[in-house]
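Following: one structure in structure tokens, then a few remarks.
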Amino acid sequence: MSLLHFLDQGEPTARPLVILHGLFGTLDNWQTLARRWAEEAGLRVISVDLRNHGRSFHSPEHSYALMAQDVLALFDHLALDPAQVNLMGHSMGGKVAMCLALGYPERLAQLLVLDIAPRFSDMEHQTDIIAGLQAVDLSTIQNRQQAEAALARTIPQVGVRQFLLKNLYRREDNSFAWRINLPVLTASLAAVGEEIDSAQPFLKPTLFLRGGKSDYITPDDKLTCIPALFPNSQVVTVPDAGHWLHAEKPDEVFELVKNFVFM
């Protein structure tokens with residue numbers, strides 16, 4: 001089994017915080033906060049590229065069950081102490097984290113989920129992003145500006161384009177390529193939206209952070225699917241933040257995560 005690409009920062013003996021990014025993301029999206037949690041909060045921070053993303057392996061299969069197994073294999077590789085592990089995921093990464101926690105509760109101490117509920121997610125809003133990525137002709141572009149111009153036809157938000165362009169890199173022959181496995185992720189969109197469910201709830205401490213301007217966690221979720229699966233959870237709203245709350249309100253997210261891990 002291939003091992004996920006990861007970045008390990010902080011004291012090796014410190015309490016581990018494992019970070020899982022969202023769809024089309026990479027561990028690089030988390031580096032500013034990861035460094036702060038390692039240097040200022042004294043955590044061992046392990047940022048991960050999930051399968052078909054970043055510098056991790058490409059696979060024709062993309063499901064939450066498989067991604068949870070990938071992360072467990074990394075836990076084994078790093079010999080992490082289950083009594084100490086804090087597992088945190090954003091969006092798709094949050095669903096991976098929930099899947100792992102519900103299936104293997106003995107493998108972690110606490111769970112943190114950023115701006116995603118366990119219920120089914122409608123992935124229609126991702127179709128413009130897929131169309132934009134597919135509109136970039138990698139065989140002809142000469143620079144990143146041309147790639148951004150192609151994306152702009154379907155993706156008007158500058159921040160979203162900048163986020164997606166982090167996946168663009170030059171091969172050794174100077175041609176451009178995507179780090180994400182775009183064909184597989186396109187084919188797997190429905191699977192990324194799937195509900196996370198379990199016959200047994202996860203009883204350990206869990207923190208859900210939601211953006212005040214985001215609808216990924218609804219008032220109904222706070223009353224139904226979240227407490228049903230995570231009865232020992234709290235849902236905290238970060239005011240004036242959207243879905244990318246860690247990018248929009250890093251200081252608030254830094255403090256909330258640090259305080260929860262050390263509570």
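Coordinate-derived values only; no laboratory data. Predicted model, so just to flag it, every value in this text is computed and none were measured. Here the Cβ positions follow ideal geometry from the backbone for every residue, glycine too, while neighbour counts run over all protein chains shown.
Counted by Cβ distance under 13 Å from Ala241, the other residues give a net charge of -3, where Lys and Arg count +1 and Asp and Glu count -1.
Think of each Lys and Arg Cβ as +1 and each Asp and Glu Cβ as -1; about the Cα centre, that makes the dipole of the chain roughly 320 debye.
Take 219-231, 200-212 and order them by the average number of nearby Cβ atoms within 10 Å per residue, most first; the result is 200-212, 219-231.
Taking Cα centre as origin and charging only the Cβ of basic (Lys, Arg, +1) and acidic (Asp, Glu, -1) residues, the dipole magnitude of region 1-135 rounds to 120 debye. Note on the chain: lysine pairs with Cα distance below 22 Å, sequence gap of 8 or more or different chains, count 12. Dimensions of region 124-189 along the principal axes, based on C-alpha atoms and rounded to the nearest Å, stand at 36, 24, 17, largest first.
The spacing between region 22-56 and region 172-205, judged by their C-alpha centroids, is 16 Å.
Percent of C-alpha pairs per 10 Å bin in region 20-104, short distances first: 17, 52, 29, 2. Annotation: peptides 107-117, 32-42, ranked by per-residue average of other Cβ atoms within 10 Å with the highest first, follow the order 107-117, 32-42. Once the Cα gyration tensor of the chain is found, what semi-axes does its equivalent ellipsoid get, as square roots of 5 times the eigenvalues, in whole Å, sorted largest first? Equivalent ellipsoid of the chain: 29, 21, 18 Å, largest first. Of Leu151, Leu87, Ala117, which is farthest on the positive side of the dipole of the chain, counting Cα position, with +1 on Lys and Arg Cβ, -1 on Asp and Glu Cβ, and the Cα centre as origin? Checked the options; the winner is Leu151. Dividing the summed -39500 (n - 2.57) terms of all DSSP H runs of n ≥ 4 by the residue count of the chain sets its mean residue ellipticity at 222 nm at -10000 deg cm²/dmol. Expressed in nm², what is the orientationally averaged projection area of the convex hull enclosing the Cα positions of region 191-263? So the Cα hull casts an average projection of 5.5 nm². For Ser47, Ser63, Ser139, the sequence from fewest to most other C-beta atoms within 10 Å is Ser139, Ser63, Ser47. Simple rule: put +1 on each Lys or Arg Cβ and -1 on each Asp or Glu Cβ in the chain, find the dipole, and look at Val18, Trp37, Ala68; the Cα lying farthest toward the positive end is Trp37. Note on region 76-162: with charges restricted to the Cβ of Lys and Arg (+1) and Asp and Glu (-1), its dipole about the Cα centre is near 140 debye.
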